[in-house]
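First up is the structure itself, then whatever we jot down about it.
Derivation of every value follows stated rules applied to the coordinates shown; laboratory data play no part. Everything quoted here is computed from the prediction, not taken from an experiment. Neighbour counts run over all protein chains shown; Cβ positions are idealised from the backbone, glycine included.
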């Protein structure tokens with residue numbers, strides 16, 4: 001076999017999250033929603049003072065870490081909903097803080 005074909009014959013490594021036997025397609029899709037919510041929450045901290053933003057980031061990370069191993073889809077969906085509500089209230093608080101400057 002030619003060297004180029006040998007490289008193509010190897011399959012790429014399987015990502016860690018596919019190796020989890022408990023993860024269904026619904027878990028995989030909801031995982032994307034959770035990651036998206038986490039990123040949006042982190043972006044909300046951009047306009048704050050450095051110390052306030054760092055404190056908020058630590059709080060967000062701790063909250064996500066607390067429920068990291070949750071497998072119940074209904075519980076995860078309710079956590080996403082409450083996280084979105086908290087994100088909207090955080091966004092309004094940050095916009096009010098900018099308006100008062």
(request) Any chance you could run the full-extension gain for residue 63 through residue 82? It's 0.36 nm times the residue separation minus the Cα-Cα distance, nm to one decimal. (result) 5.7 nm
(request) Determine, for each peptide in 39-48, 25-34, the mean count of other beta carbons within 10 angstrom over its residues, then list the peptides with the highest first. (result) 39-48, 25-34
